[in-house]
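Quick notes on the structure that follows.
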Amino acid sequence: MKKWGMLLTAVLMAAVVLSACGTKKSDNLVLGLSADFPPYEFHITNDQGQDEIVGFDVEIAKEIAKDLGKELEIKDMNFDSLLNELESGRVDLVISGLSPTPDRAEQVGLSNIYYTAEQAIVTLTENKDKYATMESLEGANIGVQKSSIQEEIAQGILGAKLTSLAKINDIIMQLQSGRVDAAVLEGPVAEAFVKNVEGITITDAKPETEDDGYVVGVKKSNQELLDQVNKTLERLINDGSIDKFVAEASALAEK
C-alpha cells in the first residue's frame with residue numbers, strides 16, 4: 001500500500017511540473033515587439049556587455065507592467081507575427097509602432113493613441129532630388145516592412161514594385177545595394193537610420209496617411225487589460241513621461 005501511495009505522489013508531482021511548464025507565469029506581463037524600430041524598440045550592447053532591448057515603447061511597457069504589479073517579459077519577433085502571437089495568447093500585449101487600422105481593430109483590442117509621427121521616404125543621398133515627390137516614386141522599386149502601414153502606403157504608389165521584408169535593417173541593406181530605389185519608413189525611425197548609416201537620406205517626398213498615430217494592442221477579449229493600458233497611457237501623456245521617453249530613446253539610438 002505504501003508503494004502505491006508513493007507512486008501516486010510522484011505522478012501528481014509530475015503533473016504539477018508539466019502543467020507549470022505549459023503556462024506563462026501569472027506574475028509576468030509578456031510584451032511582443034519587433035526590436036528593429038529605433039527609437040521605438042531596438043537592440044544595444046549595455047555597459048555590462050550584454051544585449052538589451054531598449055526604446056520608448058519598452059519604457060511605456062515597463063510602466064504598464066508596474067501599474068499591474070507584474071514583471072515585464074519581452075519577446076522579440078518579426079513584425080508580421082505580432083498580432084497572431086497576441087491572438088494565440090503567447091504574448092499579452094503588443095507595443096511596436098502599431099497603427100490603428102480598421103483591419104487591426106477587428107482582429108485585436110487597440111488602446112488610445114499614445115504618439116503621433118509622420119512618415120518619410122529614404123533613399124541614397126545621391127538620389128535625394130530624384131525622389132523628392134511622391135509622384136517621382138511611381139514605377140520605382142520600394143522597400144517596406146511586411147504587414148506595416150508603410151507597406152499600405154507603398155501599395156498606393158502607381159506602378160511601384162514592392163520589396164516587403166520582415167526587418168528594417170534588411171530594407172536598408174537592400175537600399176544600399178541598389179536593389180530598391182527608396183524605402184518608406186516611419187519618421188523617427190528614418191531619422192535614426194539616416195544618422196547612423198552613411199550614404200542615405202530623407203527626401204522631401206511626404207507620404208500621406210490617416211493612420212499616423214500609434215497604439216498598444218491587446219487580445220480582443222481582454223477589456224480589463226485594455227482599460228489599464230489606457231489608464232497608464234493617460235498618466236504618461238499628462239505628466240510628460242512619453243515625451244521624455246522619446247527624447248531619451250532618440251539620443252540613445254544616435255550613439
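The values are calculated or read from the model by the stated rules, or taken from the named source; none is laboratory data. Nothing here was measured: the structure is a model prediction, and the numbers come from that model. FYI the Cβ positions are ideal-geometry reconstructions off the backbone, even for glycines, and counts take in every protein chain you see. The area values use the complete protein model at the heavy-atom level, side chains included, leaving out ligands, DNA and RNA. Shrake-Rupley method; radii C 1.70, N 1.55, O 1.52, S 1.80 Å.
Residues to consider are Leu233, Leu185; find the one that is in a strand (DSSP E or B), in contact with a strand residue (DSSP E or B) (Cβ under 9 Å, 6 or more places away or on another chain) and under 19 Å from Leu33 (Cβ atoms).
Result of the check over Leu233, Leu185: Leu185.
A quick yes/no check of all residues on (1) among the β-branched types (Val, Ile, Thr); (2) farther than 27 Å from Glu191 by Cβ; (3) open to solvent by less than 20 Å² (accessible area, probe 1.4 Å); (4) at pLDDT below 95:
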{"position": "Val17", "(1), (2), (3), (4)": "yes, yes, no, yes"}
{"position": "Ala20", "(1), (2), (3), (4)": "no, yes, no, yes"}
{"position": "Lys24", "(1), (2), (3), (4)": "no, yes, no, yes"}
{"position": "Asp27", "(1), (2), (3), (4)": "no, yes, no, yes"}
{"position": "Gly32", "(1), (2), (3), (4)": "no, no, yes, no"}
{"position": "Gly49", "(1), (2), (3), (4)": "no, yes, no, yes"}
{"position": "Gly55", "(1), (2), (3), (4)": "no, no, yes, no"}
{"position": "Asp76", "(1), (2), (3), (4)": "no, no, no, no"}
{"position": "Asp80", "(1), (2), (3), (4)": "no, no, no, yes"}
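What about Ile157, is it at pLDDT 95 or above and buried (at least 18 other Cβ atoms within 10 Å of the Cβ)?
Yes, satisfied.
Are any of the residues in the range 135-144 crowded, with 17+ Cβ neighbours inside 10 Å and within 21 Å of Asp103 (Cα to Cα)?
There is at least one residue in the range 135-144 that is crowded, with 17+ Cβ neighbours inside 10 Å and within 21 Å of Asp103 (Cα to Cα).
Which of the residues belonging to the range 160-207 are open to solvent by 20 Å² or more (accessible area, probe 1.4 Å) and under 25 Å from Pro102 (Cβ atoms)?
Passing the criteria: Ala160, Leu162, Ser164, Leu165, Ala166, Pro188, Lys206.
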